[in-house]
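Below is one structure, written out as structure tokens, with a few remarks after it.
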Amino acid sequence: MNFKNYIFLFILFYLSLILFPQAVKSQYGTIRGFVYEKETGEPVIFTNVYLYKTSYGSATDVNGYFAISQIPPGKFTLMVTYLGFDTLQMEANVRADEIITKKLYLEKGAYMLEQIQVSAEREEARTETRTSLVKITPKQIKQVPAIGGQPDLAQYLQVLPGVIFTGDQGGQLYIRGGSPIQNKVLLDGMIIYNPFHSIGLFSVFDTDILRNADIYTGGFGAEFGGRVSSVMDITTRDGNKSRIAGKVGASTFGANLMIEGPIKKQKEGGGGSSSFIFTAKNSYLEQSSKIFYEYVDENGLPFNYTDLYGKISLMGDNGSKVNFFGFSFNDRVNNYKALSDYHWESFGGGTNFLIIPGSSSVLIEGHVAYSQYKIALEEEANPSRTSSINGFNMGFDFTYFIGKDEIKYGIEILGFKTDYIFYNTIGLKISQEENTTELGVYIKYKKTAGKWLIEPGFRLQWYASLSNLSLEPRLAMKYNATDVFRVKFAGGFYSQNLISAHSDRDIVNLFYGFLSGPDNLPDEFDGKPVNHKLQKSEHAILGFEYDVAQNVTINLEGYYKNFSQLTNLNRNKLFDENKHPDESDLITKDFIIEKGYATGVDFTLKYDYKRIYFWAVYSLGYVTRKYEDIIGGLKEYNPHYDRRHNINLVASYIFGDKYDWEFNARWNFGSGFPFTLTQGFYQLNTFMGGIYTDYTVVNSDFGIIYADLNTGRLPTYHRLDIGVKKTFTLGRYTKLEANVSITNVYNRENIFYRDRITYETVYQLPIMPSAGLMFYF
């Protein structure tokens, strides 16, 4: 069956789904709507809305939307309970074949109802599969010591199970054996190609504009495609719909600003509303480090960045809304160590929308966006590298609620252009300029059957530039064995076109460019024919959740990711393919095929009660890759982010007569990363003039003799960070936060890299105290 036939069948299937709700109208009714904070108009997410003394209920989603369907006719009491807010109760008269739409507003309460919050979390654990999924809110991010006086998503991601972070400077996140290129980052549905700055303590996102971040470390559902390892789905909040508000702050690392407010105020009685939000943050560490951190480097720490983000939200009377947003992120490192210049710029914008049809139980969501990313690296000892990618992505999603079950399906289209220039270790140029288009369609069904939650899904992904079609079944399940013990599973098939443009020879990888998957791959790999040109993986995750006590939860997950086909730069290229067509693919192709796997176990223990929060994470992981050497033999190696053991301990304590003091601490331990050892040096002559090159007069380069790939290991890494915050309440809406933090408290000398030529050892950041002030209004 060809691609057109598949699309035709899916269109027929989608049409049947659209008509399905009209066919099942019966004697039941539906209550749906949104839950908002009355003070700001911001949606209340992941809270339970239910009919009192019945089993009918629903949790709000990231938009505050809920839908309770298949309710028999009658009079009910609709209730909403949420931590820190008064319980809401209202009468609801349900009639057959009727859809009731509500906009519910919660008022802040005088008492913190921890018991209600715990019950809500336990209910969500029983009604959502949540395998390999971590949900992050700004409150959680602020429980980690605020390095540089600024709590940041990048700092919190480092403590998640299965996440490996490669360092304070130029660090990248690797999720359960997947490299950054294999992790899809979405901001309000828009693709972000690089979410982290060169000083790895900060992301491009301002913490206070985040509503929620879903981190899928594997086994993600059919709604996501185009990546073979993981997904970060980040949603920003709307601006304040009641009043002008914001913050302004500064620290020894940088400054930030946020302002938000209504364009048209939201009214509880009904009617539409609109709002705006704008944030800006930057680093002046290059200047401030010469004052505060001269002992680190007398020339300063030349890490510079500026991040801008803006959003306008328009909301209709029934809760339907549309957002318009845009961003500009940039990063630069000037003349630091072996780097003469490293910089990247990214910008983009788009819109997303949510539609609540008046007479249908469907929820319609969509997005259209464009983004661009450019990166360049100049080094003292190597030729320059450049890379750029730009393109659009758009998608439409439809969700039907059928009692406790739901059906979700959609379509996604994206197109992008890549441009890349790189020189390998013998000076041969590798370049690519490519345009490509991808199309994905999916369906996902969530079924609740007694103690079982079952979520089968299927995705069809078409890669136009490679003329490859990928069929990708997905499955997630959970079994609620008891009220306190749950078993869960997730798995599926995944594919990807984009590949990373970096050298695995580097001890530390600062440069991450992007290439479209090439179509001129070797014809064979490991003695077998290559049948497609995609990168592919298969995931299987099995775990359990156990509520040890009222406020103590244990989560254990084992995972296996089989990377059945990967594309990588050819480290052993010796000849130009066009000039030497008779030579082996292994020494003439720009790219080669690899395979490998990642497997491990992640353990977490969480204690959260009143003013004390403690989180312990241990990860055991193995990552291997296999490639063919120049004689066709299969070689195995560990990529540079293969870390065997990783431990994170996080603690937070709120104290004081007014509970206006907070202490945070985080300790991280990681076993050493692999790297390629240097065996010796030689005079390198590339004979660029061919047989006519006069080697007696041509200047030679400095050649390096490498050992086997990544057979060395760096020393272990460990670091303790602490922070203290004091809040001064100045008025109803105004407050001042003062914070002090210390990074690397006991001044551990963690190796950043060793210069291959001079043997100079460069360390990660030493002990670095910082302080900051943040004024909220």
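The values are calculated or read from the model by the stated rules, or taken from the named source; none is laboratory data. Everything quoted here is computed from the prediction, not taken from an experiment. Using ideal geometry, Cβ is built from the backbone for each residue, glycine included, and neighbour counts are taken over all protein chains shown. Quick note on the areas: whole protein, heavy atoms, side chains included, nothing else; ligands and nucleic acids left out. Shrake-Rupley method; radii C 1.70, N 1.55, O 1.52, S 1.80 Å.
Assorted remarks:
- Criterion applied to Leu586, Leu566, Leu634 was being under 17 Å from Asp526 (Cβ atoms) and surrounded by fewer than 17 Cβ atoms within 10 Å (Cβ to Cβ), and the one residue passing it is Leu634.
- Scope region 465-506; condition of a type outside the set (S, T, N, Q), under 24 Å from the mean Cα position of the chain (by Cα) and at pLDDT below 95; matching residues: Leu498, Ile499, Ala501, His502, Asp504
- Neighbours by Cβ (under 7 Å, 6+ apart or cross-chain): first from region 122-141, modelled with pLDDT of 80 or more; second polar (S, T, N, Q) and part of a loop (DSSP other than H, G, I, E, B): Ser132/Thr217
- The residues on offer are Lys444, Lys451, and the sole one that is of a type in the set (D, E, K, R), in contact (Cβ under 8 Å) with a residue 12 or more places away in the chain, open to solvent by 50 Å² or more (accessible area, probe 1.4 Å) and more than 30 Å from Thr386 (Cα to Cα) is Lys451.
- Unique match (being within 30 Å of Tyr295 (Cβ to Cβ), crowded, with 17+ Cβ neighbours inside 10 Å and not β-branched (Val, Ile, Thr)) among Glu737, Glu760: Glu737
- Residue list for region 311-328, filter: of a type outside the set (Gly, Ala, Ser), open to solvent by 20 Å² or more (accessible area, probe 1.4 Å) and within 27 Å of the chain's Cα centre (by Cα): Ile312, Leu314, Lys321, Val322, Phe324
- So Thr599, is it of a type outside the set (Lys, Arg) and in contact with a Gly (Cβ under 9 Å, 6 or more places away or on another chain): yes
- Residue in region 317-333 that is closer than 20 Å to Ile277 by Cα, among the aliphatic types (A, V, I, L, M) and in contact with a Gly (Cβ under 8 Å, 6 or more places away or on another chain) present: no
- Within region 371-404, the set of residues being assigned to a strand (DSSP E or B) and at pLDDT below 90 comprises Ala376, Leu377, Glu378, Glu379, Arg385, Thr386, Ser387, Phe401, Ile402.
- Cβ-Cβ distances below 8 Å connect the following pairs, each with a first residue in region 469-485 that is touching a residue at least 12 places away in the same chain (Cβ under 8 Å), a second residue that is hydroxyl-bearing (Ser, Thr, Tyr) and surrounded by fewer than 19 Cβ atoms within 10 Å (Cβ to Cβ), and a separation of six or more residues or different chains: Leu469/Tyr6; Val484/Tyr546; Phe485/Tyr546.
- Here Ser346 fulfils each of the conditions (1) more than 30 Å from Asn318 (Cα to Cα); (2) touching a Pro at 6+ places or on another chain (Cβ under 7 Å) apart from (2).
- Residue list for region 641-673, filter: assigned to a loop (DSSP other than H, G, I, E, B) and not hydroxyl-bearing (Ser, Thr, Tyr): Asp642, Arg643, Arg644, Gly656, Asp657, Lys658, Asp660, Gly672, Phe673
- Subset of region 339-375 that is surrounded by fewer than 18 Cβ atoms within 10 Å (Cβ to Cβ) and of a type in the set (Gly, Ala, Ser) - its residue that is nearest to Asp307 (Cα to Cα): Gly349
- Pairs linking a residue in region 62-85 that is over 15 Å from Glu37 (Cβ atoms) to a residue that is among the hydrophobic types (A, V, I, L, M, F, W, C) and in a loop (DSSP other than H, G, I, E, B), with Cβ atoms under 7 Å and 6 or more positions apart or on different chains, are Pro73/Ala96.
- The lone exception for Leu308 - which of (1) open to solvent by less than 30 Å² (accessible area, probe 1.4 Å); (2) assigned to a strand (DSSP E or B); (3) closer than 22 Å to Ser198 by Cα it fails: (1)
- Scan of region 379-418 for residues that are among the hydrophobic types (A, V, I, L, M, F, W, C), buried (at least 21 other Cβ atoms within 10 Å of the Cβ) and more than 20 Å from Ser359 (Cα to Cα), ordered by number: Ile389, Phe416
- Options Glu42, Glu98: the member that is in contact with an Asp or Glu (Cβ under 9 Å, 6 or more places away or on another chain) and either of a type in the set (A, V, I, L, M, F, W, C) or modelled with pLDDT of 85 or more (or both): Glu42
- Among residues of region 511-532 being of a type in the set (S, T, N, Q) and more than 28 Å from the chain's Cα centre (by Cα), the one that is surrounded by the most Cβ atoms within 10 Å (Cβ to Cβ) is Asn520.
- The selection criterion, being buried (at least 20 other Cβ atoms within 10 Å of the Cβ) and part of a strand (DSSP E or B), holds for Val231.
- Selection count where residues are without any contact (Cβ under 8 Å) to a residue 40 or more places away in the chain and of a type in the set (Gly, Ala, Ser), scope region 641-655: 1
- Note on region 240-281: among residues that are in contact with a helix residue (DSSP H, G or I) (Cβ under 9 Å, 6 or more places away or on another chain) and assigned to a loop (DSSP other than H, G, I, E, B), the one that is surrounded by the fewest Cβ atoms within 10 Å (Cβ to Cβ) is Thr252.
- Of all residues in region 92-112, those satisfying the criterion of being outside any loop (DSSP other than H, G, I, E, B) and not polar (S, T, N, Q) are Ala92, Val94, Ile99, Ile100, Lys102, Lys103, Leu104, Tyr105, Leu106, Lys108.
- Ala665 being free of Cβ contacts under 8 Å to residues at least 40 places away in the same chain, open to solvent by less than 50 Å² (accessible area, probe 1.4 Å) and farther than 29 Å from Thr758 by Cα: no
- Within region 286-304, none of the residues are open to solvent by 50 Å² or more (accessible area, probe 1.4 Å), more than 21 Å from Gly149 (Cα to Cα) and not in a loop (DSSP other than H, G, I, E, B).
- Lone unmet requirement of (1) more than 27 Å from the chain's Cα centre (by Cα); (2) over 29 Å from Lys417 (Cβ atoms) for Gly558: (1)
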